[in-house]
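The structure appears right after this line, and notes come after that.
Just so you know, all these numbers are worked out from the coordinates, no wet-lab data involved. Keep in mind that what you see is a predicted model, and the values were worked out from it rather than measured. FYI the Cβ positions are ideal-geometry reconstructions off the backbone, even for glycines, and counts take in every protein chain you see.
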Amino acid sequence: MKLDRGTVVVAALQLLDEVGLDQLTLRRLAGKLDVQAPALYWHFANKRELLDEMADALTREIPLRPLAEGESWQDWLAERMRDQRRMLNAHRDAARLFVGARPGPSALPILQTALESLQRAGFAPREALRGLFTLGHYVSGFVLEEQADHPRGPGEDLDQARRWLADHLVLFEAVAQSGHPQGEETFEHGLAMILEGMRAHLPPAPPSPPPG
């Protein structure tokens, strides 16, 4: 097998799915590639650089299409965030991998496309960038909770909360109505709240010219 950066990253992502982030070591990765660990340092200066490259590779799984003419920017962004959530949940510990990762070369043109699309929708560059960062942090944080909670049963937390909150009726009712904190409805509700917050930062539309 020819050893290059791409080969190392593919093997590292496979190992991530097999053993998780805590057990992903350069020594174990070298064993998977059937090389000595020092051979990896020809391609990556340290593990952090490798993790950044792995996150960049996962970013390429969901390339961003530009906002289409006449398309709602809210629907367009919501679709992107759902795709990102699915991608992160398709890989073990992917949310933890993304936390603290530096944007790589694959992320930059995607971010540029997103900013250009939001500018066409009326956003100032600063507000567009801040909105994208807020959405990205929300999705990563939500999936981080999902993946940390995965070993438990889907109703276990809610059942336990009902027992603990029996003497706190308002809180009990809120928990009962909200459903599972990592559920689909909860994700969509939070996503809609952020998108509505972004809409509030759009400048007011110019007044229509008088008829005639």
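Here are the numbers for this structure:
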| quantity | calculated |
| --- | --- |
| Dipole axis of the chain (+1 Lys, Arg; -1 Asp, Glu on Cβ), positive-most option in 172, 45, 182 | 45 |
| Extended-chain gain in nm, criterion 0.36 nm per residue less alpha-carbon gap, residue 177 and residue 46 | 42.4 nm |
| For the chain: relative contact order, % (alpha-carbon pairs under 8 angstrom, 6 or more apart) | 19 percent |
| Between the stretch 117-144 and the stretch 1-22, the Cα center-to-center distance that results, in Å | 30 Å |
| Area projected by the alpha carbon convex hull of the stretch 1-94, averaged over all directions, nm² | 7.0 nm² |
| Geometric extent, Cα atoms of the chain - Rg, Dmax (angstrom) | 21.5, 79 |
| Environment charge at residue 123 (Cβ cut-off 11 Å; Lys +1, Arg +1, Asp -1, Glu -1) | +2 |
| Estimated [θ] at 222 nm from DSSP helical runs (n ≥ 4, -39500 (n - 2.57)) normalised by residues in the chain, nearest 500 | -20000 deg cm²/dmol |
| Peptides 134-147, 189-202 ordered by average Cβ neighbours within 10 Å, highest first | 134-147, 189-202 |
